[in-house]
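First up is the structure itself, then whatever we jot down about it.
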Amino acid sequence: MSRLVLRWFTVLLAFALSAPAAAHPVPFSYLDLEVSDGAVDGRIRVHLTDIAPVLGLADPQALLDPVVREAQRTRIERYLASRIAFERNGFARAEWGAMTVVDANEAIELEFRIPGEPEGALSIDTNLFPADPDHQTFINIYEDGGLRQQFILSATSDPVTYYRGTTAGALAVMGTFIPSGIHHIAIGPDHVLFLIGLLLLGGSLRRLVAIVTAFTIGHSITLSLAALNILNPPGWLVEPAIAISIVVVGTDNLLQRKEQGRDLRAWVAGAFGLVHGFGFASVLREFGLPQEALGWSLFSFNVGVELGQLAIVLVVASLLALVRRRWPRTEPAIVVGGSAVVIAAGAYWFVERVFFGG
């Protein structure tokens, strides 16, 4: 899609989404950014009816006069730079270029360059004209000659981040999404309790590795499917199912204790790992997946979940092994008591999520 076609499509979309207003029919601006290794080049387009009041001009058409425009150039540049937060105050060092009248004498466009090697992750936030709560800024980001990402920011929007298609960009993605994955597994008591339930019966290192690997494979599959919008079951179904999985793993522990030699934990972990993956995906969607770095962000979040999971398994399995070794008679209490707690917690979450929407 050419830039001209893209721009006209954006204009039509803006008209469709914005309510009609005779005094201000087009409450939006454009910010185009072309990211390269040595600089960020760009253009910013604003309508005369938006910028004129900021400059104290009663008649926006006055800016069509080249003399007036040039007289106001410094104020326009300073104002726009002050309203755009980009790459750690990048506009403070912007080098401004040509200023032209565009869009059939309804807007002005300024070119600029921000010299220097851009960061791997470029944060952008703007509220260009806060006096107009309906104003929006359409942002197009280009890299390697192609359009890579688009954003629409308004007065109520959160800052957005563009991850470059470079090694630095990949490292920035990992630096964001690996900690996010670790944080999510750490603050998810249902996921943690499910893991603990799987470890209560103990077993050899090989057995525990097989159980954890099965859980990893299960939730990695559904996390990817959901994150890629291939399969997205609703939360009202997923969250109670996660609670049920906790009840099942606790019950299975008690049954296995009575039937020695029948260890189905790896199968249980794999099957319910599929359910837990959808739970991870719901958090990842809220966090936001950058489309320009979808693969890296999904991979990094999964790595973070695995690192958090591994830390939990190492700590819990080591403590259980230590207790069993020093106080062998506590074995029944560990399995029966621990499983009872797991079942009770899972049942509580199930009732809460089904009947109270928790």
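See the values below:
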read-out	value
Acute angle (nearest 10 degrees) that the helix 205-227 long axis makes with the longest principal axis of the chain, alpha-carbon atoms	30 degrees
Taking the chain and dividing mean pair separation by its residue count, relative contact order in percent (alpha carbons under 8 Å, at least six apart)	17 percent
With every protein chain in place, the chain: carbon and sulfur % of accessible area (1.4 Å)	64 percent
Alpha-carbon Debye profile of region 54-123, log10 I(q)/I(0) at 0.14, 0.26 Å⁻¹	-0.50, -1.23
Cleavage-rule hits, GluC sites (Glu not before Pro), region 235-325, DSSP coil, Cβ neighbours within 10 Å at most 12	Glu259
Charge-dipole axis of the chain as Lys and Arg at +1 and Asp and Glu at -1 on Cβ define it, positive-most pick from Gly357, Pro189, Val313	Val313
Rg/Rh for region 200-319, where both radii come from Cα atoms and Rh is the Kirkwood radius	1.01
10 Å beta-carbon shell around Thr49, net charge (K/R +1, D/E -1)	-3
Within-14-Å neighbourhood charge of Trp236 [Cβ basis; K, R +1; D, E -1]	-1
Mean separation of Cα contacts under 8 Å (6+ apart) over length of region 213-358, as relative contact order %	42 percent
1.4 Å probe accessible area per residue over region 143-213, in Å²	47 Å²
Semi-axis lengths, Å, the chain, gyration tensor of Cα atoms, sqrt of 5 times eigenvalues	57, 21, 16
Stretch gain in nm, segment Glu111-Leu228, where the contour uses 0.36 nm per residue and the Cα spacing is subtracted	38.5 nm
Residue-count net charge about Phe301 - beta-carbon cut-off 14 Å; Lys, Arg +1, Asp, Glu -1	-1
Between 0 and 90°, nearest 10: helix 294-326 axis offset from the chain longest Cα axis	30 degrees
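The values are calculated or read from the model by the stated rules, or taken from the named source; none is laboratory data. Only a predicted model underlies this, so the values are computations on that prediction, with no experimental measurement involved. So basically every Cβ, Gly included, is an ideal-geometry build from the backbone, and we count neighbours across all protein chains shown. Accessible surface is based on the protein model in full, side chains and every heavy atom, while ligands, DNA and RNA are left aside. Shrake-Rupley method; radii C 1.70, N 1.55, O 1.52, S 1.80 Å.
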